Each structure stands twice: as structure tokens, then as C-alpha cells.
Amino acid sequence: MYENMPFVLYVDMDYFYAACEEARHKELKGKPLVVGTAPESEKLRGVVQTANYEARKYGIHSGMPNIKAFDLYKELNYLHSDEEHYEEVSRGIMKLLKESGRPVEVISVDEAAMDITGLSENEALELAKRIKSDILKGFGLTCTIGIGNGKAFAKMASDKAKPDGLMLVRAQDLKDFLKSCSLEKLPGVGAKTFERLKEMHIETIEQLAAKDPMVLIDAFGSAGKELYMLANGIDESKVVENSEILSIGRETTLKSPVSTVEEAMPALRDLTKQVMKEVEKNGFLFKNIGAKVRYTDFSISVKSYSLHNYTNSEDEVIKRIVPMIASLLKNGPARKVGVRVSHLIKTKGQKKLF
Ligand code: DCP
Ligand code: MG
Ligand code: MG
């Protein structure tokens, strides 16, 4: 069974947004730091996007309201998130990984899987150490690398070894490794699935592995089969090479909060133009259009629309973005709006198609 599972090296950056900030604000290194959604002047109103490990010691974590984080630790250092900067750093890291010449799948802004099938375990460990040291030298950032047979298990190893870690799960140790991980660490087990499984009296990966797969398929459809396979140490999904740019987005703070899409139109047109400029520069086509608003209470909502065909049409973006923003504004006035395109493919040399 292992011959169908790629040997995978999985990189996940440590406390990524906050680490990017520490790298350019050296005075913050070693002090508890949170990066969050609200500007510094209104920091009690937003949400924690990530916390460095010093702040995590106080129980602060992603998704927690800032006000709670400051309750847990009053002297907390706080910075407003600068996602464009983190995306730029991310692209640099992904480029570095691709320089290995091996297939790299960019999974998220701070995660990537590399297919290292054919390498011995020792060669894989050597490569991982080199990558860790190159990322540290090049960007002043630490990461954790997991290595294993299958993307899912390499990712779980990286989770387990955090921060600044390196962990190889040998094929013969995979079953024991899975036993040592809690159920919610299995890729595909989100909060909802976790609750459903609990109702079915499945609380460990071992219990999931022993379940009749038909029962899981009845409850979760094809995702049930996937869960059963993963729990039994089988992950045949391939590392699919892609661009280091997963999406292109721009957002802007409005001069005053807007309640209707008409008021937001000048900003939306401008943002769309900026996004399209970047799309053209890279020779991309896209298939997904996303709208984002940040409300006056600093909560964020997003919506996205998937097209049937790839495009690079500005009109198409405007046509889809307007109803999405209008619908988001029904929940209240916004002080920030954003436009993003994703599911990108490269069409080098191709001009406008539509
Ligand atoms: N992020 C966010 N909102 C969340 C979770 C994450 O904006 N609720 C952003 C900030 C993170 C980045 O995504 O820095 C990467 O997410 P990870 O889950 O990989 O978490 P970190 O890299 O911050 O920490 P870790 O060291 O646990 O990987
Ligand atoms: Mg991370
Ligand atoms: Mg991550």
C-alpha cells in the first residue's frame, strides 16, 4: 500500500503572521505578541489572527477576541495585520522551496507539501534541515517540517513537532504515530465532523480506524471513506504542483463607513483594477471571485463565487462582486472592503480573452 503513497515533506511556518512582524520589528522578539484584525488604535475590538509562542503561554490563540487576549495578559504587544506583507514573504518562501526542483504544492499562505518520493529517510532529513536553515537565513523565520508517507501524515507530523521542529514518521511507525494523535488533528476532522463523530461514540483515531467503513460512508458520504482510510494510515493523494500565488487580493479602508454597494462602488472599481493589474502582470486566469467586508465592529465576512470557466475579465469581477458586497452589507455598515480572485492558472503570453 505504501508504494501508492508519495513520500512527502510538509512545511508549516511557525506563528506565521506574528513571526513576519518579529522579523521586521526586532525589538518585539521574545515578547508576547498578537497580530489581529483591528488597527492598533481600536485593538480591543478585533480578533486575534495569531499569537507568538510567548503569548500562547497565557492561553491566547487564533480566533480569540482581542479583548479576551488583553484580559489574559495586559502587557501584550499588538499589531494590526498586514496581509499583503505576509503574502509577499510567503511567495518568497514558496519560491525557495521550488528551487529544490521537486514538485511543490502550495497549500496555504504558510504551508506547502513537497513530493520527495525516491529519497531515503536520511536524505529526507538532510533536505529538511537544509530547508529550515535556508528559510531562517533568508527570511529570519522558523518553520516546522513533518515527513511521512502521505501528505496528511506529513502534515500531522509537522503539527506535532511545533515550533521549530522536524519529525519523520517512518512507515513502520505510522500506526503508533496515529494512535498518539488526537482525533481532531486528523485532516478532514473539523469542529462539525468532530461533534458528529462524538455522537457516534468515536473519540479517537483508533476507534475511527476500527469502525465499519459503510457506517462512516452513510454518515459522511465520500468524506467518510476518506476519514476511514486516513485513520488506517492510507493517504494516496498526490502532491499537485501549483503556483506560489494562490490568490490575488486587495482591500482598502474607506474614508467613512458605507451601508450600500453604491457608496462602495468607487472603492470596488479601484480595487478590482489593482487586482486585475496584478493578474495581468502574472499572466493568470482565475475561476473564483471573492468579496470581503470588515464591519465597523471589526468582524469580517467573506463570500465567494465560482465561475464555470477560467477568465481574466475585469467586467466579470465587477458583475460578481457587486451582489456579494450588497448582500454582505445587509449585515451592517462596512469600513473596509476587499476584492480577491483565486483558483489561478498560468497563461503566459496570453492577452485578454474576453
Ligand atoms: N490565521 C488567521 N486567522 C485564523 C488562523 C490563522 O488569520 N483564525 C492566519 C494567521 C496565521 C496564519 O494564518 O499566522 C497561519 O495559520 P496557522 O494555523 O499555520 O498558524 P500559525 O502559523 O500562526 O501558528 P503555528 O506555529 O501553530 O503554525
Ligand atoms: Mg503555521
Ligand atoms: Mg498553517
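Coordinate-derived values only; no laboratory data. Owing to the predicted nature of the structure, the values given are computational and were not obtained by experimental measurement. Please note: Cβ atoms are built from the backbone with ideal geometry, for glycine as well, and neighbour counts cover all protein chains shown.
Return the FRET efficiency for the residue pair Lys198, Glu40: r is the Cβ-Cβ distance, R0 is 41 Å, and the value is rounded to the nearest 0.05.
With a Förster radius of 41 Å, E is 0.55.
Test of the criteria: in region 32-90, which trypsin sites (Lys or Arg not before Pro) are in a DSSP loop and have at most 13 other Cβ atoms within 10 angstrom of their Cβ?
Lys57, Lys74
Run the quick spin-label model on Val302 and Lys129: label points 7 Å from Cα toward the beta carbon, then report their separation in nm to one decimal.
Using points 7 Å along Cα→Cβ, the separation is 3.8 nm.
Calculated FRET efficiency, Ala171 and Asp218, Cβ-Cβ r, R0 30 Å, to nearest 0.05? Before the final figure, lay out the partial values.
Details: r = 31 Å, r/R0 = 1.04.
Plugging the Cβ-Cβ distance into 1/(1 + (r/R0)^6) gives 0.45.
Given the -39500 (n - 2.57) contribution per DSSP H run of 4+ residues, what per-residue ellipticity at 222 nm results for the chain, rounded to the nearest 500 deg cm²/dmol?
Helix-only estimate at 222 nm: -12000 deg cm²/dmol.
Note the full-extension length gain between Thr253 and Ala191 as 0.36 nm times their separation in residues minus their Cα-Cα distance, in nm to one decimal.
Gain in length upon complete extension: 19.1 nm.
Where does helix 83-98 land angle-wise versus the long Cα axis of the chain, in degrees 0 to 90, nearest 10?
In the chain, helix 83-98 runs at an angle near 40 degrees to the longest axis.
Among Ile67, Ile145, what is the fewest-to-most ranking by other Cβ atoms within 10 Å?
Ile67, Ile145
In degrees, nearest 10, range 0 to 90: what is the angle between the Cα axis of helix 261-282 and the longest Cα principal axis of the chain?
Approximately 50 degrees, to the nearest 10.
Of Asn312, Tyr295, Pro333, whose Cα points farthest to the positive end of the dipole of region 294-353 (charges on the beta-carbon: +1 Lys, Arg; -1 Asp, Glu; origin at the Cα centre)?
Asn312
Quick check: residue separation of Glu27 and Glu263 times 0.36 nm, minus the Cα distance between them. What number comes out in nm?
Gain on stretching Glu27 to Glu263: 80.8 nm.
Computed FRET efficiency, Cβ-Cβ of Val322 and Asn282, R0 25 Å: what is it to the nearest 0.05?
Numbers: r = 25 Å, r/R0 = 0.99.
The pair Val322/Asn282 has a calculated efficiency of 0.50.
How long are the semi-axes of the ellipsoid equivalent to region 262-354, from square roots of 5 times the Cα gyration tensor eigenvalues, in whole Å, largest first?
Calculated on Cα positions only, the semi-axes equal 25, 12, 11 Å.
Could you tell me how many degrees, from 0 to 90 and to the nearest 10, lie between the Cα long axis of helix 121-139 and the main elongation axis, the longest principal axis, of the Cα atoms of the chain?
Value to nearest ten degrees: 30.
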